[in-house]
Amino acid sequence: MRRHAAARFAVLATGAGACGACDYRRGALDPASPDAMLIQILWWVFFWTAAFVFTGVLVALAVALYRGRGRATAQGSSPDVHPDAALERRTERAVLAATALSVVILVSLLLASVFGGRTLFRSPHAPLHAKLVAHQWWWEIQYHGKTASDLVTTANELHLPAGVPVDVELASADVIHSLWIPNLHGKRDLIPGHLSHLVLRPARPGSYEGRCAEFCGLQHAKMDLRVIVEPPAQFSAWLTAARRPAPPPATASAQRGAEIFARGPCGMCHGVVGSKASASAGPDLTHFASRAWLGAGALPNSALNLRAWLEDPQAVKPGVQMPPTRLPAGELDDLLAYLGTLR
Amino acid sequence: MTTASERTQNDAREDARLRDELAFTWQLARGLRGWFSETNSQVIARRMLVTAFVFFALGGVEALLMRLQLMQPANHLMGPDRYDQLFTTHGTTMMFLFAVPVMQAAGIYLVPLMIGTRSVAFPRLNAYAYYTYLFGGLLLYVSLFTNTGPDTGWFSYTPLSNSQFAPGKRVDVWSQVVTFTELSALATATNLIVTILKLRAPGMALSRMPLFVWAELVTSFMVVFAMPAVMLASMYLAMDRLVGTHFFNSAAGGDPLLWQHLFWFFGHPEVYIIFLPALGMVSSIVVTFSRRAIVGYLPMVLSLVTTAFMGFGLWVHHMFATGLPQIGQSFFTAASMMIAIPSGVQIFCWIATLWRGKIELRTPLLYVLGFVAIFVLGGLSGVMVASVPLDLQVHDTYFVVAHLHYVLIGGAVFPLLGGVHYWFPKLGGRLLDERLGRVSFALAFVGFNLVFFPMHLLGLHGMPRRVYTYRADAGFGTLNLVATLGVFVLGAGLLVILVNVLRSLARGPVASNDPWRSATLEWSLSSPPPAYGYVHLPCVTGRYPLWEGGIAGVVRDMDPRQRQVLVTSALDAAPDHVYPLPGPSLWPFLAALASGVTIVILLFTPWAVPIGTVLGTICLCGWFWPRAPHEPLLAEQP
């Protein structure tokens with residue numbers, strides 16, 4: 001009961017409106033890694049300090065107003081050009097004291113920030129490597145193994161093992177993007193011509209929202225990265241499955257779909273390991289059907305949505321580089337059947 | 001032997017004669033040609049103020065449209081292309097076409113009146129600056145209304161803004177608008193610096209200058225150092241796009257980060273360029289309505305100067321996410337946090353002044369109180385974004401949108417609106433309605449916080465900036481709805497101000513010289529002042545001349561048949577010599593037109609450079625063509 005009241009108070013105090021806060025994904029305020037946790041602790045240190053300073057200033061202002069109004073009533077409004085020197089000195093000393101206090105507060109915050117930052121970027125040893133390449137407007141993800149055939153290429157879904165640091169290499173294929181997974185870490189820009197690294201240390205299994213944070217053109221809004229943190233055993237199982245080529249199409253319809261994919265417009269840009277399609281300009285589709293979203297967060301991945309997406313991607317995600325797929329209705333059904341087998 | 005009363009009568013007759021002669025010498029040019037040749041600094045400043053507020057309204061409408069689009073998830077009011085043009089134009093308008101020009105216009109109008117002179121030092125340069133600014137703004141809006149508005153953000157990061165990813169003319173328009181309006185800002189800053197340092201009334205030593213004039217002086221120096229960086233950057237960008245240089249192309253040895261350094265080396269000082277003059281307005285208002293001298297004049301001045309220096313040392317906090325080395329980041333974190341100290345000192349001094357004052361709670365002071373609350377909150381969230389770890393979470397999110405609007409609207413627009421209510425009698429000659437003023441303040445204050453406070457939370461919850469839409473399951477709907485509803489409250493507050501101004505101009509009570517019983521020189525003039533300002537240039541013996549027994553003495557024996565100003569020494573304002581100012585001329589307008597034509601041709605071909613050189617040379621020859629030595633404008637009176 002008391003907790004409920006406290007929550008209501010928080011909602012009122014933050015101006016969030018009637019219990020809208022209950023169903024929020026709380027992003028940076030819901031850390032799922034030691035790094036995000038550190039930043040969150042620092043956030044609350046800064047927040048409460050700021051709240052203290054803000055209250056102090058407003059109280060001082062209110063008292064000043066009260067006293068000043070009172071004096072105006074008592075003494076009229078003749079201007080005071082040469083105030084009493086002793087009183088003026090006292091006032092200036094008060095200003096000096098407030099300034100000194102501000103300096104102390106700021107220096108403390110500075111130290112907290114600098115030491116927090118040093119802990120944050122003390123690169124731990126990372127046994128797993130992944131590479132993230134940002135494109136307009138999707139994410140290409142690669143896991144390198146011991147041999148070349150172990151390479152896994154996927155898109156828009158980053159799988160990570162819980163409790164294992166992962167060294168993510170970051171690059172951009174076109175313009176500047178920025179990787180942001182608020183539950184796991186702060187941002188890191190992906191700048192063409194600059195390689196960079198970010199070590200992610202997810203601790204709590206779950207599914208998290210990542211997205212591009214740097215304005216990167218028309219579809220900056222729809223450039224999401226779904227991050228799936230799993231227990232290490234589950235992650236290994238996923239990785240092993242991801243290394244396998246796409247299963248050969250079983251039904252006749254799916255087989256026709258595979259043909260259409262390879263010789264038709266799809267194969268110009270997309271690749272499916274284990275088929276004739278090997279292009280890499282667009283997202284790799286080897287295990288496409290197991291992904292939750294279409295078009296980097298544009299639509300949930302369902303047969304209905306996929307049809308709409310294929311027929312007119314521009315209606316769903318205006319500006320996206322994918323052209324509409326113009327096929328007779330039967331062929332489109334075959335293509336959808338094939339895409340549905342890519343698990 | 002004359003009696004005292006005869007002497008007074010003689011003086012009055014003499015003053016009347018002087019008024020007539022000055023009015024004749026300084027009369028405004030007439031007709032259509034006259035309208036374009038006018039160089040009187042009050043007239044130009046008024047036009048500049050009106051223009052800036054028109055751009056403010058346009059930028060506000062853009063903001064309203066964006067808020068309507070974001071009101072609910074997956075909204076279909078507009079697509080990404082229109083949205084990107086809107087937020088780019090909104091940012092560019094508010095920074096380049098409203099905030100900087102409006103503060104400079106306030107300086108151009110008020111500084112000569114406050115320091116006791118007749119005009120700015122370079123009236124023709126002033127007219128040129130106004131027209132370049134106007135043409136730059138028109139170019140931006142012509143392109144927006146023809147659906148070729150810039151769409152890469154007001155920061156226009158490369159390579160998104162290079163010719164590969166931004167084909168067409170949109171970014172070219174943006175870079176020319178920036179170059180052009182910053183040219184105007186530089187010209188005005190130079191003008192203000194010289195005016196303030198050389199044309200002050202005799203006796204107005206630097207230590208007696210009103211704090212608003214100090215703020216304009218410091219700001220103008222910042223403009224001189226900051227604007228060339230962005231002009232250079234925008235010219236590099238234009239060259240990359242137009243003639244294939246590779247300043248920002250990493251594939252050819254350039255670097256996209258160079259753009260960010262150049263842009264933010266200007267971009268961060270820009271914030272202080274916008275809000276230092278506003279702090280000067282706050283000081284004027286606080287002094288007048290607490291009926292006492294400011295507490296800590298010297299610390300106030302030093303704070304302004306310190307802010308100006310430090311403002312150039314923290315641009316990298318816009319680039320923490322690019323992954324610069326740790327030690328460098330710590331330096332910029334320290335600088336970004338410590339710049340809160342001079343701002344804090346000023347806040348403390350104002351509170352102390354109110355504490356020891358006799359407060360008259362009028363509308364201008366209400367806006368100042370609102371400013372303190374909003375600005376302190378914005379300053380505190382500024383300390384947060386100065387911290388590298390925190391910034392990595394909130395950078396490029398709605399938290400920063402909230403922060404920057406708290407700083408810029410709270411720190412600059414609220415004082416400006418207070419200033420509008422305060423100085424309106426001096427501008428419009430009539431009083432604003434106090435009741436409407438209070439209503440406008442209440443609406444603006446509540447509306448502002450409704451719009452921008454929820455954005456802090458949106459950012460922390462994960463909403464990035466510059467997105468034209470968001471998914472329903474993201475959970476951003478409620479707070480965005482609150483923010484959009486707040487816009488209507490804020491907008492209503494601003495509309496009430498507009499109504500108040502129009503109503504007052506039509507039938508407001510006529511203002512006396514000094515309706516607030518203020519301390520500074522501009523209030524010794526009629527409202528509005530005549531084109532020549534002062535009949536006799538005043539002499540000054542203190543910081544608050546009108547509170548210290550009125551104007552201490554006057555300068556006599558200046559020739560009223562010439563547009564003369566008195567040049568004084570930079571530190572102590574000791575009279576040095578009389579300097580004649582040029583009269584109206586069409587050439588500044590023509591020169592601005594030539595620059596405008598050049599800039600437009602430059603959108604298409606580099607041949608604009610030689611064409612512009614020829615046009616510019618012709619105009620400057622006309623501008624500086626030697627005149628015959630001065631002939632008295634009036635025949636000797638009998």
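The values are calculated or read from the model by the stated rules, or taken from the named source; none is laboratory data. If you're wondering where the values come from, they're calculated on a predicted model, not measured in any experiment. Here the Cβ is made from the backbone with ideal geometry for all residues, glycine too, and neighbour counts use every protein chain on show.
Where residues in segment B:384-402 are more than 21 Å from residue A:121 (Cβ to Cβ) and surrounded by 24 or more Cβ atoms within 10 Å (Cβ to Cβ), which of them is nearest to the other protein chains (Cβ to nearest Cβ)?
For segment B:384-402, the residue satisfying everything is B:399.
Checking residue B:502 against (1) within 13 Å of another protein chain (Cβ to nearest Cβ); (2) under 25 Å from the mean Cα position of the chain (by Cα), which single condition isn't satisfied?
Status for residue B:502: all satisfied but (1).
Just need a number here: residues in segment B:517-528 that are of a type outside the set (S, T, N, Q), buried (at least 21 other Cβ atoms within 10 Å of the Cβ) and farther than 12 Å from residue B:117 by Cα.
Here the count works out to 2.
So for segment A:227-238 (the condition being in a loop (DSSP other than H, G, I, E, B) and surrounded by 14 or more Cβ atoms within 10 Å (Cβ to Cβ)), does at least one residue qualify?
No, because not a single residue in segment A:227-238 is in a loop (DSSP other than H, G, I, E, B) and surrounded by 14 or more Cβ atoms within 10 Å (Cβ to Cβ).
List the pairs whose first member sits in segment B:139-154 and is without any contact (Cβ under 8 Å) to a residue 40 or more places away in the chain, whose second member is outside any helix (DSSP H, G or I) and surrounded by fewer than 20 Cβ atoms within 10 Å (Cβ to Cβ), and whose Cβ atoms are under 7 Å apart, counting only residues at least 6 apart or on separate chains?
That search, which allows pairs on different chains as well, returns B:148/B:168; B:148/B:169.
What helices (runs of 4 or more DSSP H), lying completely within segment B:303-419, carry at least 3 residues that are in contact (Cβ under 8 Å) with a residue 60 or more places away in the chain?
Filter on segment B:303-419 gives B:340-355, B:363-386, B:388-394, B:398-405.
For segment B:425-442, which positions are hydrophobic (A, V, I, L, M, F, W, C) and surrounded by 24 or more Cβ atoms within 10 Å (Cβ to Cβ)?
Within segment B:425-442, B:432, B:441 meet the criteria.
Any idea how many residues of segment A:71-86 are at the interface with chain B (Cβ under 7 Å from one of its Cβ atoms), part of a helix (DSSP H, G or I) and not hydrophobic (A, V, I, L, M, F, W, C)?
2
Could you tell me which residue of segment A:146-188 is farthest from the other protein chains (Cβ to nearest Cβ), considering only residues that are aliphatic (A, V, I, L, M), surrounded by 18 or more Cβ atoms within 10 Å (Cβ to Cβ) and not in a loop (DSSP other than H, G, I, E, B)?
A:152
Has segment B:463-472 got any residue that is assigned to a helix (DSSP H, G or I), touching a residue at least 40 places away in the same chain (Cβ under 8 Å) and closer than 24 Å to residue B:405 by Cα?
Scanning segment B:463-472, I find no residue that is assigned to a helix (DSSP H, G or I), touching a residue at least 40 places away in the same chain (Cβ under 8 Å) and closer than 24 Å to residue B:405 by Cα, so the answer is no.
Could you please let me know if residue B:428 is over 25 Å from residue B:153 (Cα atoms), out of contact with any strand residue (DSSP E or B) (no Cβ under 8 Å at 6 or more places or on another chain), more than 10 Å from chain A (Cβ to nearest Cβ) and modelled with pLDDT under 95?
In short, yes.
Here is a yes/no grid of residues against (1) modelled with pLDDT of 95 or more; (2) buried (at least 23 other Cβ atoms within 10 Å of the Cβ):
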residue: B:444; (1), (2): yes, yes
residue: B:449; (1), (2): yes, no
residue: B:452; (1), (2): yes, yes
residue: B:461; (1), (2): no, yes
residue: B:481; (1), (2): yes, no
residue: B:484; (1), (2): yes, no
residue: B:491; (1), (2): yes, no
residue: B:535; (1), (2): no, no
residue: B:542; (1), (2): no, no
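Okay, residues lined up against (1) among the aromatic types (Phe, Trp, Tyr); (2) over 30 Å from residue B:436 (Cβ atoms); (3) more than 9 Å from chain A (Cβ to nearest Cβ); (4) buried (at least 23 other Cβ atoms within 10 Å of the Cβ):
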| residue | (1), (2), (3), (4) |
| --- | --- |
| B:292 | no, no, no, yes |
| B:299 | no, yes, no, no |
| B:326 | no, yes, no, no |
| B:336 | no, yes, yes, yes |
| B:349 | no, yes, no, yes |
| B:359 | no, no, no, yes |
| B:364 | no, no, yes, yes |
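Hey, among the residues in segment B:243-270 that are within 11 Å of chain A (Cβ to nearest Cβ), assigned to a loop (DSSP other than H, G, I, E, B) and not charged (D, E, K, R), which one's farthest from residue B:231 (Cα to Cα)?
Looking at the filtered set, the residue picked out is B:253.
Out of the residues in segment A:24-35 that are more than 8 Å from every other protein chain (Cβ to nearest Cβ) and buried (at least 18 other Cβ atoms within 10 Å of the Cβ), which is farthest from residue A:201 (Cα to Cα)?
Among those that are more than 8 Å from every other protein chain (Cβ to nearest Cβ) and buried (at least 18 other Cβ atoms within 10 Å of the Cβ), it is A:30.
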